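Quick notes on the structure that follows.
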Amino acid sequence: MQPGSAGIHAGAIKEFVERPFGLTRPCRQESLFSVGQASLPAGSRGIRAPCFSLQSSLGGKMPPEPAGWKLLEACPALNRYRQHAGVPRLNPQLQPEFIPCSPVCFGEKFHSISMGKQWCRWSSWLIAAWAFGASLSVAAAEANPENDKTALAVEALSKLQGVNLETNAKLKETVLKILEKTRGTPSFVKLVQQFNLSGQNRGLLEVALAQPSSDSGVQAMRLLLAGDGTALVSETLAGTNVLAAAKTAEALGHTGGNQTATLLLPIVTEAHRDPMLRRQAVRSLAKTHDGADALLKLAQADRLADDLKFTASTELNQVRWPEIKTVAAKLLPLAQSQDAAPLPPLGELVKRTGNPANGAIIFARANPGCIACHVVKGQGTDFGPNLSEIGSKLGKDALYESILDPSAGISFGYEAFNWTFKNGDEAYGLLASETNDEIAVKVVGGIVTRYKKAEILSRQPSKLSIMPSGLQAAMTPDELVDLVEYLASLKKP
């Protein structure tokens, strides 16, 4: 071995293989491989670059280092590490001292031209383990090397197709160890699917909740529904964690499965469920033919709640099924603008770019009257939420929805109440303050009135926002786009 090299003999490689994978079968040629530090080009010092060289079992001589680089280029799994570590590509005119592994390297035979054939018969999964273990021994310095080790292990395991873990207890143990390290990630879903692992419903649900609109999150939900995870999905939808239930409903919609309608339709008809969850259920139902049809039937039977009609109208008027879209246009027409023409669907409005300067003028107009309830940079009426930095809090889609369907998302602290008093009077507004003896009610325009608690007969929270609906009727479509563009521009300095 070259003086000063940081080589690790094959016995050490075997140890690296055994440690993460729990394997005990060594290579037949214990001195066949050696791992060393490659000579790096100028300016690359300090980078730990892998170099795999063939060592003669007779004389112990090392071939030129570029030969090791050539092996790294020829073997896909190791070549990825070459690229990751910053090792430059080899001059194609340089010939290797041996025939490297083929592009489908796992399970192939290694031999040296100069030394004659020396076989190293490994099973395909053991070669995969070797690739991982050898690469691991010379990994590039990273902030979290454990993540690198796990990623390489997952990549190696991905090469094992059609393996029955029940016939290989040691490999199963290894797979389950790696699986636990990938929990909550897309790799977890891939491993569960690849090896058909049971008992992983909770882990699959974690991925679906964290990434309900991603490929991995949707696939996790599909695996739950295809296996024995439907009960867990139903339990989450019925639970008290509203956010988890809404994320579950979102992932369900993206699956396009026939179970979506069965699981989500009850949420739409249960008035006591959280409004956010019910609106998400509507969106997800509209993604499947059965779900969209069920929503139309609810509307036809006058069983679709008023606070869900805007969401249902928006979704059903842009479905891909002509017969449903035609009925929806008549039964749940889109909101109309000032010229009585239906507004484009929300998805189209979001894509448009408006004039924020004109939007500021529209905001200050008496009609639609935004400035009569909101403050922007010290100007306006302190009644609704301050909008001076609303563009940093909401995207354009949420801004459109707050105008077109104000009850879709009522800000905390701005819930409206209906009060009735013993003398027959009524009050409707926001609860500005409350003491042991009295309440202060703020009404549109910012006027605050105080009432004695002893005079109150009843107090009922309103399901609707105190912000009036139909404001888009006071604007043309272009003016609405300008207004939203202005609101989106109001951000933190």
Tell me, please, whether a residue that is aliphatic (A, V, I, L, M), free of Cβ contacts under 8 Å to residues at least 40 places away in the same chain and surrounded by fewer than 17 Cβ atoms within 10 Å (Cβ to Cβ) can be found in region 203-215.
-> yes
Checklist (1) exposed (fewer than 14 other Cβ atoms within 10 Å of the Cβ); (2) over 21 Å from the mean Cα position of the chain (by Cα) applied to residue 243, failing item = (2)
All positions within region 180-223 that are among the hydroxyl-bearing types (Ser, Thr, Tyr), within 17 Å of residue 254 (Cβ to Cβ) and part of a helix (DSSP H, G or I) | 216
Scan region 430-478 for residues that are under 38 Å from the mean Cα position of the chain (by Cα) and of a type in the set (Lys, Arg) and jot them down.
-> 463
Filter result for residue 411 (closer than 24 Å to residue 312 by Cα, under 33 Å from the mean Cα position of the chain (by Cα) and surrounded by fewer than 15 Cβ atoms within 10 Å (Cβ to Cβ)) = yes
Those residues of region 217-235 that are surrounded by 18 or more Cβ atoms within 10 Å (Cβ to Cβ) and not hydrophobic (A, V, I, L, M, F, W, C) come to a total of 4
Check every one of the strands (runs of 3 or more DSSP E) wholly within region 400-490 and list those with 3 or more residues that are among the hydrophobic types (A, V, I, L, M, F, W, C).
-> 416-421, 426-434, 438-442
Within region 430-444, restricting attention to residues that are modelled with pLDDT of 90 or more and either touching a helix residue (DSSP H, G or I) at 6+ places or on another chain (Cβ under 8 Å) or not hydrophobic (A, V, I, L, M, F, W, C) (or both), which residue is surrounded by the most Cβ atoms within 10 Å (Cβ to Cβ)?
-> 439
What is the number of the single condition among (1) under 34 Å from the mean Cα position of the chain (by Cα); (2) of a type outside the set (D, E, K, R); (3) over 27 Å from residue 334 (Cα atoms); (4) surrounded by fewer than 14 Cβ atoms within 10 Å (Cβ to Cβ) that residue 378 does not meet?
-> (1)
Pick from region 365-419 the residues that are out of contact with any Ser or Thr (no Cβ under 9 Å at 6 or more places or on another chain) and on the phi > 0 side of the Ramachandran plot: which of them is modelled with the highest pLDDT?
-> 380
Do we have any residue at all in region 278-297 that's touching a strand residue (DSSP E or B) at 6+ places or on another chain (Cβ under 6 Å) and of a type in the set (A, V, I, L, M, F, W, C)?
-> no
Within region 322-345, residues closer than 21 Å to residue 289 by Cβ and surrounded by 14 or more Cβ atoms within 10 Å (Cβ to Cβ) come out as 324, 325, 327, 328, 329, 331, 332, 334, 345
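The values are calculated or read from the model by the stated rules, or taken from the named source; none is laboratory data. Bear in mind the structure is a predicted one, so any value in this text is a computation, not a measurement. Because the Cβ atoms are built from the backbone with ideal geometry, glycine has one as well, and the counts that use them run over all protein chains shown.
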